[in-house]
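First the structure, in the form of structure tokens, and then the observations on it.
The values are calculated or read from the model by the stated rules, or taken from the named source; none is laboratory data. What you are looking at is a predicted structure, and each value in this text was computed from that prediction instead of being measured. Counting neighbours? That spans all protein chains shown, and the Cβs are built from the backbone with ideal geometry, glycine included.
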Amino acid sequence: MNAPAPAPSSTGGSRKSAAIVIGVFFIALMGLLLYGVRKSGDADREALPSPLIGKPAPAFDLPLLHEPGTRIKNKDLAGAPYVVNVWASWCPECRVEHPVLSKFALTKRVRFVGYNLKDGRSEALRWLEQFGNPYMLVIADEDGRAAIDWGIYGAPETFLVDAKGIVRWKRVGAVTDEVLQQQLIPALEKLEAGR
């Protein structure tokens, strides 16, 4: 007579169920994390504090994009407020903000200085030819060394510098119509009012 077959072990089934529960939990957790990062990513990047606000703009000595033999220093820009807009041909957000800045630059309310970051000269010139050049001048920081002193994280970034060379406002990310109306223009108005 044969011995009765052993009862199926419930241990194997329990382990499989536990692995499935842990897997589902892990996937859900990763989904929530990804959602949170995507939801707050731009806001966090834009909220990065700048130690430059209220301090002199860092010194630079960079070539002009259109005339590489001519160099510009930040002291050459003193005397009137100016906006420094960091952009690059490889930057998708720069294409988003470019029409907004171009339209505002036409008002001639403030000088616009283009700061081309880590770009090849020919690519940068081609980009400006394609999308337009709203800048009174464009400086080229091909290796990104001067950007370190400015605390530039990437492109686009925008700074408002007063007539004495003090950084008064900074934006990390694209300047949209909303940012222009609610942040940049009010910061410029404070300068114009002498505040």
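Among residues of segment 169-184 that are within 17 Å of PRO51 (Cα to Cα), those with a Cβ under 7 angstrom from a residue that is outside any strand (DSSP E or B) and aromatic (Phe, Trp, Tyr), sequence gap 6+ or separate chain, pair up as VAL172/TYR153. Among the residues of segment 81-123, those identified as part of a strand (DSSP E or B), more than 18 Å from GLY154 (Cα to Cα) and touching a helix residue (DSSP H, G or I) at 6+ places or on another chain (Cβ under 8 Å) are ARG111, PHE112. For segment 50-74, a residue qualifies if it is more than 22 Å from ALA187 (Cβ to Cβ) and either within 22 Å of the chain's Cα centre (by Cα) or not in a loop (DSSP other than H, G, I, E, B) (or both), and the qualifying residues are ALA59, ASP61, LEU62, PRO63, LEU64, LEU65, ARG71, ILE72, LYS73.
Going by what's in this entry, would ALA105 be described as farther than 22 Å from GLU178 by Cα and in contact with a Pro (Cβ under 9 Å, 6 or more places away or on another chain)?
The answer is no for ALA105.
When ALA147 is tested against the conditions (1) within 26 Å of LEU191 (Cα to Cα); (2) assigned to a helix (DSSP H, G or I); (3) of a type in the set (Gly, Ala, Ser); (4) at pLDDT below 95, the lone failure is (4).
Yes/no matrix, rows are residues, columns are (1) more than 22 Å from ASP76 (Cβ to Cβ); (2) out of contact with any helix residue (DSSP H, G or I) (no Cβ under 8 Å at 6 or more places or on another chain); (3) surrounded by 21 or more Cβ atoms within 10 Å (Cβ to Cβ):
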| position | (1), (2), (3) |
| --- | --- |
| LEU125 | no, yes, no |
| ALA140 | no, no, yes |
| PRO156 | yes, no, yes |
| ARG171 | yes, no, yes |
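Of all residues in segment 76-101, those satisfying the criterion of being closer than 23 Å to GLN182 by Cα, under 12 Å from the mean Cα position of the chain (by Cα) and buried (at least 19 other Cβ atoms within 10 Å of the Cβ) are ASN85, VAL86, TRP87, CYS94, GLU97.
Taking the conditions exactly as written (surrounded by 10 or more Cβ atoms within 10 Å (Cβ to Cβ) and modelled with pLDDT under 95), does LEU52 satisfy them or not? So LEU52 fits the description; yes.
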